[in-house]
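Below is one structure; the comments refer to it alone.
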Amino acid sequence: MRIEKDTVVSLNYELSDLTGKVMEKPSEPVSYLHGGYDGIFPMVEEKLHSQEVGYSCSVLMEPENTFGEYDSQLVRVEPRALFPDDVTVGMQFEGGEEGSDDAMIYTVTDIAEDKVVVDGNHPLAGVTLRFDCTVTEVRPATAEELSHGHVHGAHGHEH
């Protein structure tokens with residue numbers, strides 16, 4: 001079966017930076033709904049379109065095609081009193097600008113006696129990434145998957 005719109009594609013992949021450092025390599029295949037449902041990087045989806053099980057590829061993606069450029073304005077220094085006593089570097093918190101409905105995830109990057117530094121950038125923002133993958137399965141999407149816009153069951157979303 002060919003990878004076309006409204007098929008479920010399962011693949012093994014490895015995400016690395018330009019130095020070859022592996023950023024992500026799941027032990028199990030992952031699945032996504034093909035055809036513009038935002039389940040995978042658009043450049044990867046484009047490369048996989050019309051391919052079949054067994055197809056392998058490597059896609060080099062600049063930051064604007066993945067998690068965006070690093071934005072130093074998303075780094076904030078906040079009063080320590082706003083955080084729980086057990087705050088540690090790496091913890092994540094939801095936050096946003098006052099008066100805005102847009103919530104962001106901030107990661108704690110540094111802790112001082114009376115201040116906490118948080119960063120709203122994705123951890124891979126500003127990084128050129130290489131996505132290597134091999135297609136392991138292609139199947140028609142179910143009506144429920146199409147109505148929800150994502151894959152259900154093995155390697156997909158569970159409700």
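Values computed for the structure shown
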read-out	value
Out of Met61, Met1, Met23, sole residue that is over 21 Å from His122 (Cα atoms), not basic (Lys, Arg) and not assigned by TED's automatic domain parsing to the domain that holds Tyr106	Met1
Among the candidates Glu94, Glu113, residue that is over 28 Å from Gly153 (Cβ atoms), surrounded by fewer than 16 Cβ atoms within 10 Å (Cβ to Cβ) and under 21 Å from the mean Cα position of the chain (by Cα)	Glu94
Filtered residues of the range 48-105 (kept if outside any helix (DSSP H, G or I) and in contact with a helix residue (DSSP H, G or I) (Cβ under 6 Å, 6 or more places away or on another chain))	Cys57, Val59, Met61, Glu69
In the range 21-41, residue farthest from the chain's Cα centre (by Cα) [restricted to those that are crowded, with 19+ Cβ neighbours inside 10 Å and part of a strand (DSSP E or B)]	Leu33
Test: residue in the range 93-100 that is in the same structural domain as Glu113 (by TED's automatic domain parsing) and either in contact (Cβ under 8 Å) with a residue 60 or more places away in the chain or touching a Phe, Trp or Tyr at 6+ places or on another chain (Cβ under 7 Å) (or both)	yes
Any hit, the range 122-134, residues being more than 17 Å from the chain's Cα centre (by Cα), more than 30 Å from Ser72 (Cα to Cα) and modelled with pLDDT of 95 or more	yes
Unmet requirement for Glu45, which otherwise passes all of (1) among the charged types (D, E, K, R); (2) in contact with a Cys (Cβ under 9 Å, 6 or more places away or on another chain); (3) buried (at least 17 other Cβ atoms within 10 Å of the Cβ)	(2)
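The values are calculated or read from the model by the stated rules, or taken from the named source; none is laboratory data. The shown structure was predicted, so the numbers you read here are calculated from the model rather than taken from an experiment. Cβ: placed from backbone, ideal geometry, glycine included. Neighbour counts: every protein chain shown.
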